[in-house]
Amino acid sequence: MMKNWPQRFIALTLILGLGAPISLGRPGQKKSRLIDRLHFPELHFSPPQPERVTLANGMTVFILEDHEIPNVDMFAAIRSGSVYDPPEKIGLAELMGMVMRTGGTISRTPEQINEQLEFIAASVETGMTREYGTASLTALTKDLDIALPILADILMHPAFRQEQLDVAKNQMLDAIKRRNDTPQQIADRIFPQLIYGKDHPLARVPQEETIRRITRQDLIDFHARFYHPNNVILGISGDVAKEEIVKKVERAFAGWEPQETTFPPIPSVERRYRRAIYFIPRDLNQTTIRIGHIGLTQRDPDFFPVTVAAQILGGGFSSRMFNELRSKEGLAYAAFAGHTGGLREPGYFFTFSETRADATVRAIRTILRLLEEIRQKPVSDAELRIAKEGILNSFVFDFDSPEKIVHRTVLLEYFGLPLDFLQRYRDNVAKVTKQDVLRVARKYFRPDGAMILVIGKEEAFDKPLSALGEVITLDMKEWK
Amino acid sequence: MNRWLRILPLAGVLLLSSVHRTSAQYRGIESLAERVTVHTLSNGMRFLLLERHTSPTVSFHVYFDVGSVDEHLGETGIAHLYEHMAFKGTRQIGTTDYEAEVQHFARIDQLAAELTAERDKGEAADEQKIARLEAELKREQEAAERYIIPNEIGKLYERHGGRGLNAQTMRDQTHYFISLPANKIELWMAIESDRMQNTVLRQFYKERDVVMEELRRTIDTNPLAKLVLQELITTAFRAHPYGLHSGIGWSSDVSHLTRKQTEEFFRRYYGAANATVAIVGDFDTQKIIPMIDRYFGSLPAGQKTPRRITVEPPQEGERRVALEASAQPLVAIAFHRPDVLHPDDIVYDVIAKLLSQGRTSRFYKHLIEGKKIATFAQAFPKPILITGKYPSLFEIIAAPVVPQHTVQELEEAIYEELDRLKTEPVEAKELQKILHQVDAQFVRSLRSNATMARLLVFTEALEGDWRRLLTYRRRLASVTPDDIMRVARQTFRKANRTVAFITAKEVEEAAPIPEATPESLARGRAILDAAMEAIGGRDQIARLHDYVLKGKAKLSFSGQELEGETTQYVQLPDKMRSEVYLPAMGQTVVQILNGEKGWFAQGGRVQEAPSQAVDQLKEALWRNHILTFLMTPDGSPMAAQALPDETIEGTPTDVVLLTVNESTMRLYFDKQTHRLLRAQYQTTHPFTQQKVQAEETYSEYRLDDGFWLAHRIVTSYNGEKFSEQTMTEFHANPGLDPSLFEKPEG
């Protein structure tokens, strides 16, 4: 049977692109062990760079040839995103992203698409995130001429059949009903809303009534507004030859004309630090705690030392938070810190922990103390080394397949980051010093200006939350 | 010394591309023929090495030829327990001082054995002795734990950039795997060779508890897993050890496993001769081989696992097994089939894919989309967690759409599909689709080091030669429509099948209730008092004369879901007005109780409630009030008798039997918070008017207008969920207008 390695942490590092955690020294170790005497060669590593091509219709294409296996992968980001949902129809973009694929095209029914793709063991999918639309394809090289036209047809001529729209709406309504099932889900949804503002496009969420208002025509209009070739960045990896694949793409998307698109501005994020304690009552023996505040974008040179500082503070099994809250005091099941590394607007800094209910206030105080301590004096040489090692050692896994490399390249282009950002990230992390860590900790970690979100059963807490300051109990009718 | 590793990722990629440019058509798995190196050590340990220079990473997969099929009654679960222990470290890893730590083991083992012996006496066990032994064991364990470094194997791998560390115990084998950056190959060699000979089973009894908990979580409280992993398989096999248990073991066996036994298991089965390893990724084969020899060459060979000799005799009649559970109905059907090396093995693969792979498969098109009889229907060529070292089963697992369809109807529909396989030749296009899917799957597995390592090591160790991967496609392509009909006819026979299914739990006869004693009544009263305190205090409750409850309710009945918004006005002791707005019908249903009279109103029609209905309304008012405030509406006394404590979903509870007007309710209170978690009582089903056993569960306690009330109540009748209510508002003592409880206007 599978053991439960800390999945959640692993998921977190993936999201954040942080490194793996590491262990501290071993006090009292008698003699030196083989395992400590091993010497590892340096890892020389320069991942291949995809080539960039701009088509006549304005589509940007990245190509990374890799002929190990006869298979082709594509990933496209389309300039759109649920940030452009009208406030009264939040959920529109997401529905559009779903029904584009499931609702068939003008000339192909959904059943025909399923039959055709399954016969050649290929897949074509579409979706929508907050900041971009997605489309993807996987097909054996020999079947590309069947699968690629389907992908193009779906992107250009989706039919948004009503029956499939109804199914998708029901699925979304069902998801809304279930999104308060776990404290985890609640915190994931509400914490960004506390940081960015409840109705900010980077944090707001669909509601039952906003979903119900959405019509087929809305989907058609959303698609017509944003889905133009000049808004598409398409990444291709695998068994293709550059000239040939460019021709194929041009042919598949023939007749798709570029069109000027206006993107309404997204309200900029207010950079503010204010201490506030938010409480959501839940009858649970375990308390979910998030503490954090606005952070910075990945463009900011300070992003790298902040990443290292967060790693030392709460980046894994050897971090200060893990040691204090879990190993030493046994207060928490989980204790991590990180930074979401915003792409267009600043991300946010946060700590994440789950504690026994009767250790809630103590755990919060410990976290705030650790945040204060890392601002007060420089971290140790060993801590810095171990934190950097963790980040740098697992870094190669971010480049371990051509699909991953292309996927990232597409997103870097989309957000206007330098295409060698990840390579530079490595160098930038390597050169972080103790002084850098202290400087950014002072500048960006603000325990006094941090938002504290607590979900749990207050009467089981060790002390009332009010011991920490004024508590605002969130009314879930307003935060549903 | 460590110059063996030189990483040339770009050169590697270029080299590969020039090799592969030449062949235009299918060139999947065949490309491996020249690329895999097999290196066997003199102790019998075998390494399969496949270079892939796409990225500077390497995946490792270790296969030990021992699994739960090799266990015997009395020590079932030992293979899985050892797998857990394998992560506890060695004499060097996971400890600051092994010599000092190990001093405590003998005493710990002795105490644990004494504790087990005492507990085994059951009723006659000496509770004081148990407490004393537990305390001493805990002290001794803490003394040993002073030296440990928790989870150090995991920490070491992660510090060095490892991803995906894990292990799994299956029936036929146990496997351990991880991926590392390419320069950390020696780390893997050092840790793995160390734990193949020096594993220390530290924190043994703690980990045994963890495994017991896992057993409880994965089998005992999960009807689906219990049905498929335990009931089906233990019924299908009478003799062969595949049918011995679920794979995790019987809990009574696991709880008796000792450190000594488990260590012996490790010594017996984890020798080099039983191990096969695949390493796939960015390394130089010629340079890695000397390192393999150095680290693993001197490990003791040990013995190869003997083959189990028991053969399952042919089945001569259908076997059916029912599992009563509060879960959605489910059916699992199994047919005996030969082992993985039998020439027909591949035919079973084809049949399973025909039946259920993808949205265009037969089950999906006919059972899920067409007849809409199944929500889920999946065929498996071999059972979950069984790889087919020995003859095993072809399995089908399916869930009916309830309540429109029953398990029996679904079973019939499945057999119809199986009969079609016996009589109608499969169309060429269907076979073609499967061939395409297999091609693609193989091709794509080649792009992941981890997947390739797993495929290679399993094929080599289980099937005797990894090259069977190369012939898989050819074997699959040679399957004819006649083969499918032949195998279907010989396999899908009634006498050859075992059927396991979940049925709704029957209403249990209530356990005999112990006679009430003055003590049990006093304790019952005390439990109620504490619970009233947790609501907001007896005085506050006693001052309540009227209140309003608003909420949402969702009813499930006969497969229909009905949602409504409810408002309940109560004026104590005997008036109630309940309004249910049903958005689906755009109507409000009103029920009023006023003393001995009652009315129903719906869509402008008013009706006087017959006396039987008045009684039901009265019962509802009383029950709801008592379950919310633990006091009768008129303040009359209730007898509360404490029953033995029980644990509900891991929460220890106080149990009280409440007797009011000659009917009883069983209430379960959280021992810590004193909140009501669950109530059970007999009532009349509001729709069918039949007597049913009701159970309500309460959660989401929140403070509302001075009272701590459950904001979520789930009610089930005879084990089937009936309603889910969420409270949105509560107002205490609003001073309700008496006209609310009068006969409504027409």
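Since every read-out is calculated from the coordinates, none of them should be taken as a lab result. All of these numbers come straight from a predicted model, not from anything done at the bench. Counting neighbours? That spans all protein chains shown, and the Cβs are built from the backbone with ideal geometry, glycine included.
General remarks:
- Of the GluC sites (Glu not before Pro) found in segment B:588-622, those that fall in a DSSP loop while having at most 15 other beta-carbon atoms within 10 Å are B:596.
- Stokes-Einstein D for chain A, Kirkwood Rh over Cα pairs, 4 °C, 1.567 mPa s (µm²/s): 53 µm²/s
- Cα-based equivalent ellipsoid, segment A:51-252: semi-axes from gyration tensor eigenvalues, Å: 32, 19, 16
- Trypsin sites (Lys or Arg not before Pro) within segment B:248-294, DSSP loop, no more than 15 other Cβ atoms inside 10 Å: none
- Centroid-to-centroid separation of segment B:689-746 and segment A:42-81 [C-alpha atoms, Å]: 58 Å
- Extent along principal axes [Cα atoms of segment B:518-741; Å; largest to smallest]: 54, 40, 32
- Rounded to whole Hz, the Karplus (6.51, -1.76, 1.60) HN-Hα couplings of segment A:62-69, x for glycine and proline: 10, 10, 10, 6, 7, 9, 4, 10
- Selection from B:484, A:34, B:636 lying farthest towards where the dipole of the protein assembly as shown points positive, charges on Cβ: A:34
- Count of Lys pairs (Cα-Cα under 30 Å; at least 8 positions apart or interchain) in segment B:518-741: 28
- Total lysine pairs whose alpha carbons fall under 25 Å of each other in segment A:51-252 (8 or more apart, or interchain): 9
- Cβ-based exposure ranking for B:590, B:210, in which fewest neighbours within 10 Å come first: B:210, B:590
- For segment A:98-193, the fraction of alpha-carbon pairs in successive 10 Å shells from zero, as %: 15, 37, 27, 17, 4
- Within segment B:701-746, the percentage of alpha carbon pairs spaced more than 15 angstrom apart rounds to 64%.
- Converting phi to 3J(HN,Hα) with the Karplus coefficients 6.51, -1.76 and 1.60 and the offset θ = phi - 60°, segment A:451-467 yields 8, 10, 10, 10, 10, x, 10, 4, 5, 9, 5, 5, 9, x, 4, 4, 4 Hz in sequence order, with x at every glycine or proline.
- DSSP-defined antiparallel bridges as percent of all bridges, the protein assembly as shown, nearest 5: 85 percent
- For the pair segment A:365-400 and segment B:206-256, the centres of their Cα atoms are 42 angstrom apart.
- The ranking of A:59, B:585, B:576 from fewest to most other beta carbons within 10 Å of each one's beta carbon is B:585, A:59, B:576.
- For segment B:349-474, the alpha carbon convex hull comes to 133 Å³ per residue, rounded to a whole number.
- Inter-part distance where segment A:229-283 and segment B:572-631 are each reduced to a Cα centre, Å: 56 Å
- Farthest positive-ward along chain B dipole, Cα basis, beta-carbon charges - from B:513, B:738, B:383: B:383
- Among B:492, A:119, A:222, a tally of other beta-carbon atoms within 10 Å of each Cβ gives an order, fewest to most, of A:119, B:492, A:222.
- Chain B - Rg over Rh from alpha carbon coordinates, Kirkwood radius: 1.05
- For the protein assembly as shown, taking Cα atoms only, Rg and Dmax work out to 32.7, 98 Å respectively.
- Two-decimal log10 I(q)/I(0) for segment A:327-385, as the Debye equation yields it once each C-alpha is a single scatterer, q = 0.25, 0.29, 0.30 Å⁻¹: -1.09, -1.16, -1.18
- Value at 222 nm in deg cm²/dmol, rounded to 500, when DSSP H runs of n ≥ 4 in chain A each add -39,500 (n - 2.57): -11500 deg cm²/dmol
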